[in-house]
Every structure is written in structure tokens, then in C-alpha cells.
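These notes are about the structure you will find just below.
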Amino acid sequence: MSKIRSIADEIRERIKAESEAVPVLEKPAVPVVAKSAAKGKVVSADVSQLKIYEFFEELSAFRMEGTQKIVIRLDPASMKLLKQLKFTRDIDMTKVIVFAFSKFLNENHWLKAHVKELLKKNDNELD
């Protein structure tokens, strides 16, 4: 029993030493396997620390413009994740949503033109 306990203590010490040695915003290049805290399942094996770092750098560099406010509905899992991001990374939940929508529009640039075309068709039908 003491041998099992000592191995567990060694693992804890290694994890503690590694977490103290690597700051949160350091730019690592080692792949990481993230585990869900509740279920212990592997979330993704192809996410690298570098990709995570770049994502949060891009998110923190994102500047929200505009002052209009809207009310949105989120499913419980999305809300939980937003709250966890707020708690663990001190990232404003609104900023995450605006960032995600902005990224969505940039990746689907055709959407703006499509909406304009639909509005033109509706204007022509009203005339």
C-alpha cells in the first residue's frame, strides 16, 4: 500500500513541478491531450499547446467595437463553457461570443453578399 502511495506522490510532485515551470501564456509546441473534468474522456488528441496559445492570443487581441446590446439564448453546455472560460482565463463571455461571430462572418464572407441580394429581391417585390 505504501508503494502505491509513493508512486501517487511522485506523480503529483511531477505534475506540480511541470505546472509551475510552464506559465499559462508561454508558447509551447508540445501536443496535449485534454480531458473532460467530469467524464475523463479524451476531448481531442490533435490539439497542440501552440494552437491553444495562438487561439487565446487572437481572442485577447480582438477588440470589440459597437455598443448595441442583444439578448441571446444559449444551451446549458455552451453557457457552462463560457462561465468556465470566464473563471479560468478571465475572458469576458460577451467578448467570446462577439469574437466567434466575427470569425464566423470572416470565414463565410459570402453570407453578407447573400443577405444583400435577398434584401434587393424583397425591395423589388415591394415595388
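The table below gives the values:
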{"item": "Qualifying residue in the stretch 104-120 (condition: surrounded by 11 or more Cβ atoms within 10 Å (Cβ to Cβ) and closer than 15 Å to Phe55 by Cβ)", "result": "no"}
{"item": "Checklist (1) of a type in the set (A, V, I, L, M); (2) modelled with pLDDT under 70; (3) outside any helix (DSSP H, G or I) applied to Ile4, failing item", "result": "(3)"}
{"item": "Every pair of residues 6+ apart whose Cβ atoms lie under 8 Å, when the first sits in the stretch 64-90 and is loosely packed, with under 10 Cβ neighbours inside 10 Å while the second is part of a helix (DSSP H, G or I)", "result": "Ile72/Ile97"}
{"item": "From the options Ala113, Ala29, residue that is at pLDDT 90 or above and either part of a loop (DSSP other than H, G, I, E, B) or not acidic (Asp, Glu) (or both)", "result": "Ala113"}
{"item": "Failed item in (1) part of a helix (DSSP H, G or I); (2) at pLDDT below 90, with Val43 passing the rest", "result": "(1)"}
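The values are calculated or read from the model by the stated rules, or taken from the named source; none is laboratory data. It should be emphasised that the depicted structure is a prediction, and the values quoted were computed from it without experimental measurement. Counting neighbours? That spans all protein chains shown, and the Cβs are built from the backbone with ideal geometry, glycine included.
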